[in-house]
Amino acid sequence: MDIVVLVKQVPDTEALIQIAGDGVSIKTDNIKWVMNPYDEFAVEEALQIRDANEGTVTILTMGTDKAVETIRTALAMGADQGVLINDPAAEGSDGLAVAKILAAALKDIPYDLIIAGQRGVDDDGYQVGAAVAEYMGIPQASLVIKEEISDGKIKCDCSIEGGTVVTEAPLPVLFTTQRGLNEPRYASLPGIMKAKKKPLDQKTLADIGIDPSTVGLANRKVKIKALNPPPERKAVKMIEGETPEELAAALIKVLHEEAKVV
Amino acid sequence: MAQGVLVITEQRDNAFRKVSYEAVSEGRRVADELGTDVTAVVLGSGIEGIAGELGKYGADKVLVADDGILSDYTTDAYTNVLAEVIKSREPKVVFLGASVQGKDLAPRLAARLDTGMAMDCVVVKAEDGGVVVTRPMFGGKVLADIELEGDPQIVAVRPNVMSITENAKDGSIEKIDVQAGEVKTTVLETKIEAGDKIELTEADIIVSGGRGTEGKFEVIEELAGLLNAAVGASRTVVDEGWRSHGDQVGQTGKIVSPNLYIACGISGAIQHIAGMSTSKFIVAINKDADAPIFSKADFGIAADLFEVVPAMVQEVKKIQ
């Protein structure tokens, strides 16, 4: 079973996000970059499937030099090899262009299964996984909390509003992760040492046959015109009262009569 | 030239999901600004009976794709059918709800049609014959104004944000030929949790608990039950195993926009705030008067949730 995991490096979810001077991007200094949390579930699941079925786990990402760190993290967790598409012309690509680039890279990587995070917690676009599945012409399953592979098929429990849908499709399949799928392992010290020697291939757009004039910032179909901070709330109104009963009564009164929400 | 608004609706067990009424209403509003028509699409099996409802919210026409193969949602069949509908009708803007189904379908359709898609839109404005949208990024820490290139512009609206407006139009029904094409995915089973559990992303009111609950959710459940509210939880609570993953509100959990969010014993970590900051009213109840949650709340009570929440239960009973 050869598995490819699509990984992205994103700002840590505890990071304070500030809008840069250009008004369309964020300030990247002082940001701690981490593996997208949903991709950690993807790496963990890939390792578990590989260990039960043999095969390889390849980490595929598009990014700049700093993305090497995230690939090394996945290798330290136990993945076998990494591929980084690193090309200045690819920077600023939107989800569709990233998917085209990853799909082009996948032509040179054997796979039975592709696992991706449900979304990157940076642009929250939900675009890349589904588009890669589309470009590879394979079925997808989203928000998977459990999977089972047998007889060349994968059964996925996909979380939906208020429940679960169980789907089945013949491999190869791309599925995306949801919290609850597994508990991602931490990289061990020996794992970190080993990761340094594992293959990490860096490729340019030319290497994978992508015309640079079709991707990148200038060719986005999703164009960011402006970033704005969310509207500020008015200062909090602290409810006054001597006893819990008084506090509760005053709160429910204001919710009922002023806000009219209860 | 592409023109018109197409709204992809969603039904489960032959009942429309609330977000579909929101999407049709918003589609109508935008179509009026653009001076164009709204066509809604319903897919499923035996769904002709419900299709007429959409006229009430402003659909001029309702396309009905009624076929056994569409009875359960599969990405393959729904994408195949909808891509053909869009290619033949050439709408300028396609609306759908950013529900779980919408989050699976919209990106695949966008890739198939090679066009721009925006997820979880909270504002849609008509401009230059099409739309400009606003959507949260970084879990709501910033709002992005987005222009979408390509035809159609695919706009997935965040559940619970757009208002449902009655605006009766013809809603004439047209059955369409279903060419589902190759469908590799089979739905084996749909398991819906028993009871009337209210989905967080669709709830009008959410009562949420954090570390301060120490895992004891009885009082929160009781208040939620009275208010017909959903129960949410912070990441700590889920990591501790006190509540299931599906209850988590935050940047790596569910992003919610209820009318009222009551945060009990939640300190207000950035990643939690990201998941609920678009709520209309936020109430924070926390023993620690310096907890960061108070800076994001409309109303605050600095006291023990185990004393205040039961008292709130009594007060709610009085007004009901």
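Just so it is clear, none of the values below were taken in a lab; they were calculated from the coordinates. Keep in mind it's a predicted model, so treat the numbers as computed, not measured. Note that we place each Cβ from the backbone using ideal geometry, even for glycine, and neighbour counts take in every protein chain shown.
Results, tabulated for the structure shown:
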item	result
Proxy reagent accessibility, fewest Cβ within 10 Å first, across B:T74, B:T39	B:T39, B:T74
Links that overshoot a 29 Å alpha carbon limit, given the list A:K107/A:K146; B:K61/B:K280; A:K155/B:K280; A:K27/B:K197; A:K153/B:K197; A:K27/A:K198	B:K61/B:K280; A:K155/B:K280; A:K27/B:K197; A:K153/B:K197; A:K27/A:K198
Distance from segment A:151-212 to segment B:194-271 (C-alpha centre basis), Å	29 Å
Inter-label distance, nm, simple model (7 Å from Cα along the C-beta direction), A:L217/A:T64	1.0 nm
Listed residues A:L200, A:A141, A:L217: farthest to the positive end of the dipole of segment A:2-219 (Cβ charges)	A:L200
DSSP bridge pairs, segment B:200-319: antiparallel proportion in percent, nearest 5	0 percent
For segment B:283-303 and segment A:236-252, distance of Cα centres in Å	12 Å
13 Å reach of a label modelled at B:S244, 7 Å along Cα-to-Cβ, counting backbone N of segment B:99-128	none
Ranking of A:K8, B:K197 by count of other Cβ atoms within 10 Å, fewest first	B:K197, A:K8
Exercise: per-residue mean of other protein chain Cβ atoms within 10 Å, A:208-216	0
Cβ-based exposure ranking for A:H256, B:H272, B:H245, in which fewest neighbours within 10 Å come first	A:H256, B:H245, B:H272
Estimated dipole of chain A in Debye, rounded to 20 [Cβ of Lys and Arg +1, of Asp and Glu -1, Cα centre]	580 debye
Two-decimal log10 I(q)/I(0) for segment B:9-111, as the Debye equation yields it once each C-alpha is a single scatterer, q = 0.11, 0.22 Å⁻¹	-0.29, -1.32
Residues whose placed amide H lies under 5 Å from that of A:K8, excluding near-sequence neighbours	A:N36
10 Å Cβ neighbours from other chains, averaged over peptide B:273-285	3
Two-decimal log10 I(q)/I(0) for chain A, as the Debye equation yields it once each C-alpha is a single scatterer, q = 0.10, 0.11 Å⁻¹	-0.58, -0.67
GluC sites (Glu not before Pro) restricted to segment A:27-111 and DSSP loop, no more than 15 other C-beta within 10 Å	A:E54, A:E91
Partner chain coverage, peptide B:246-253 - average Cβ within 10 angstrom	3
Helical mean residue ellipticity (222 nm; -39500 (n - 2.57) per DSSP H run of 4+; nearest 500) of the protein assembly as shown	-8000 deg cm²/dmol
Charge dipole magnitude, Cβ of K and R +1, D and E -1 - the protein assembly as shown, Cα centre, debye nearest 20	800 debye
Built amide H within the under 5 Å cut-off of B:I173, gap 5+	B:V62
Acute angle (nearest 10 degrees) that the helix B:100-113 long axis makes with the longest principal axis of chain B, alpha-carbon atoms	40 degrees
